[in-house]
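Working notes, structure below.
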Amino acid sequence: MNENLNNLAETIVSSLEKNKGILKKQFMESSLEVGVRYCYLDQLIPEKTAFEIFESFPKKEEMRKMSSFREEKYTSKNFDQFKPLLADITFAIQDPRVISIVEEITGIKNQIPDSTLYAGGLSLMEKDNFLNPHIDNSHEQTRMYYRTLNLLYYVTPDWKLEYGGNLELWDKKVKKNVTIVSKFNRLVIMETNPWSWHSVSPVVVEKQRVCVSNYYFSADSPIGEPYFNVTSFNGRPNQKIRRMYSYFDSKLRNFIRYLFPKGIGKVDVYHGKKQ
């Protein structure tokens, strides 16, 4: 492990450890809001380092544009093309010591990191970009491991609620939500299961909101029984046509993926090795 990655991991562990009691309480009690458990910690790492991460982010032209009725954003996991600091912060959040303290906070055990970046990486949103309400796909590509947690680290300085681009967690019917501001140097930890609907509100200012995304997996189902779903989208409460279209779109993609699994037996998400 390189020294900078190790130092970042140690700093994250220290921050989480100092706030473990508060975070654990928040995670457990948050289920009373919309049924999705979450917690967040501000000032995760020294502000100077967080700003350096922001300054290291690639330009949108260097990223992949995701554009559909479901989402508008830019993503990348091509860390070899960018400054090493971006890979360091991403994989620091996957460090076994970080995973261990996150398990203590959430009570979710036997978690493993997304070491192949099947789902993680960098994301950027600018004005009019959005991510509609959705539940994440239940597994990584081998279907050996369930997705258990999303860990979202925001590094845009001075980001405010009124700018949009904020994380939203929804109830099972996608009618009621809570908003978590994409605040600078904030780490959000949220659970993933068949009803953990979440979204990102449209960005409404001429600014860019950037995020480092990580995901944890486990061989244990987060609901105690087997299930499977692809990433399934919905519309916002006032988007009736989009909600209807999203429903049938998700049903069709689930059916196709069930019949024709993609990547089964090819990649081990924990070791990152071909099988």
Study note, to complete from the structure: Taking segment 118-135 and keeping only residues that are open to solvent by 10 Å² or more (accessible area, probe 1.4 Å) and of a type in the set (A, V, I, L, M), one is left with 119, 131, 135
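For the condition at pLDDT 70 or above, within 23 Å of the chain's Cα centre (by Cα), assigned to a strand (DSSP E or B) and aliphatic (A, V, I, L, M), what is the one hit in 210, 230, 203?
Details: 230 fails: assigned to a strand (DSSP E or B); 203 fails: assigned to a strand (DSSP E or B).
So the residue among 210, 230, 203 that is at pLDDT 70 or above, within 23 Å of the chain's Cα centre (by Cα), assigned to a strand (DSSP E or B) and aliphatic (A, V, I, L, M) is 210.
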Exercise for review: Look at residue 86 and say whether it is within 17 Å of the chain's Cα centre (by Cα) and not basic (Lys, Arg).
Suggested key: yes
Review point. So which residues in segment 191-229 are touching a helix residue (DSSP H, G or I) at 6+ places or on another chain (Cβ under 9 Å), crowded, with 19+ Cβ neighbours inside 10 Å and under 26 Å from residue 102 (Cα atoms)?
Key: 191, 197, 209, 210, 212, 213, 214, 216
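Picking from 142, 148, which residue would you name as being outside any loop (DSSP other than H, G, I, E, B) and either within 12 Å of the chain's Cα centre (by Cα) or in contact (Cβ under 8 Å) with a residue 12 or more places away in the chain (or both)? Quick ask: steps written out before the conclusion?
Numbers: 142 fails: outside any loop (DSSP other than H, G, I, E, B).
None of the other options fit; the residue is 148.
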Review point. How many residues are part of a loop (DSSP other than H, G, I, E, B) and open to solvent by less than 30 Å² (accessible area, probe 1.4 Å) when one looks only at segment 88-107?
Key: 3
Exercise for review: Could you grab the pairs with beta carbons closer than 6 Å, sequence gap of 6+ or different chains, first residue in segment 1-21 and more than 15 Å from residue 187 (Cα to Cα) and of a type outside the set (Lys, Arg), second one open to solvent by less than 30 Å² (accessible area, probe 1.4 Å) and at pLDDT 95 or above?
Suggested key: 4/88; 5/88; 5/92
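The values are calculated or read from the model by the stated rules, or taken from the named source; none is laboratory data. Note that the structure is a prediction, hence the values are computed from the model and not measured. Cβ: placed from backbone, ideal geometry, glycine included. Neighbour counts: every protein chain shown. Accessible surface is based on the protein model in full, side chains and every heavy atom, while ligands, DNA and RNA are left aside. Shrake-Rupley method; radii C 1.70, N 1.55, O 1.52, S 1.80 Å.
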